[in-house]
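A short worksheet on the structure shown next.
Only the coordinates and a few stated rules stand behind these numbers; no lab work does. Remember, predicted model here, so these are calculated numbers, not experimental data. Counting neighbours? That spans all protein chains shown, and the Cβs are built from the backbone with ideal geometry, glycine included.
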Amino acid sequence: MKYPCLWTACATCAPIALGLLTLEAAEIDAAKLPPPAKKTVVYEKDIKPILTKACLDCHSEEAAMGDFRVDDRKAILDGGASGKAILPGQSDKSPIIHYVAHLIKKMEMPPLRQGDPLKPDQIALLRAWIDQGVKFKETDEPAKPAPKPAADTDKSTPKTKP
Ligand code: HEC
């Protein structure tokens with residue numbers, strides 16, 4: 001064989017690369033999240049106290065770390081420097097939930113040693129709030145879930161003729 005080293009390298013590296021990919025995917029394991037609370041949440045009563053105590057010091061108009069604010073509906077839905085933190089209707093996929101549940105290293109919120117971690121029942125309330133449309137007032141329209149890829153939603157062109 002002319003290049004035995006190349007083949008050896010491939011055989012050695014491929015499983016490692018695959019292993020790393022698996023590790024990456026396993027890092028966010030939504031099954032580890034507390035399930036959403038089974039009730040209609042009210043922002044003023046259930047959510048505001050959590051965000052005010054645990055997040056507001058670092059995520060307000062005055063101090064928006066990561067360019068993220070929790071005290072305004074538009075701002076919280078817009079997200080921060082790294083994009084959307086909330087996917088309405090999809091709390092299991094929302095980065096904010098991954099952060100508060102400590103599923104992502106170095107992005108624990110509140111940051112480690114800078115505040116008490118949220119309790120499972122608080123995460124459950126936040127999840128229900130996101131799933132119910134991130135309402136600040138009871139009169140708010142529920143925020144829309146992220147649109148699906150065009151292929152899934154395009155019903156205007158029937159795939160087959162009857
Ligand atoms: C002591 C300060 C502090 C507290 C308290 C805190 N955070 Fe953060 N937060 C930060 C810092 C600093 C960053 C930027 C981290 C980075 O990008 O590496 C950040 C980033 C974020 C981001 C990502 C923003 C982006 O788009 O980059 C989210 C979402 C977030 N925090 C949510 C929360 C929530 C929810 C709470 C309360 C449960 C909270 N944080 C409490 C300091 C704090």
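Of the listed peptides 130-136, 78-84, what is their order by residue-averaged count of other C-beta atoms within 10 Å, with the highest listed first?
Highest-to-lowest ranking by the protection proxy: 130-136, 78-84.
Which of the peptides 106-114, 137-145, 69-77, 86-94 is most tightly packed, and how do the rest follow, going by the mean number of other Cβ atoms within 10 Å of each residue?
86-94, 69-77, 106-114, 137-145
Along region 81-96, what does the Karplus equation 6.51 cos²θ - 1.76 cosθ + 1.60 (θ = phi - 60°) give for ³J(HN,Hα), rounded to whole Hz, x for Gly and Pro?
Computed from phi, the couplings for region 81-96 are 4, 9, x, 5, 9, 10, 10, x, x, 10, 4, 5, 9, 7, x, 4 Hz.
Quick check: residue separation of Lys38 and Lys119 times 0.36 nm, minus the Cα distance between them. What number comes out in nm?
Answer, rounded to one decimal: 27.5 nm.
Considering the zone a paramagnetic label at Ala31 would reach in this model (a point 7 Å from Cα along the Cα-to-Cβ line), which residues of region 90-119 have amide N under 19 Å from it?
Flagged as within label range: 91-94, 98, 101-104.
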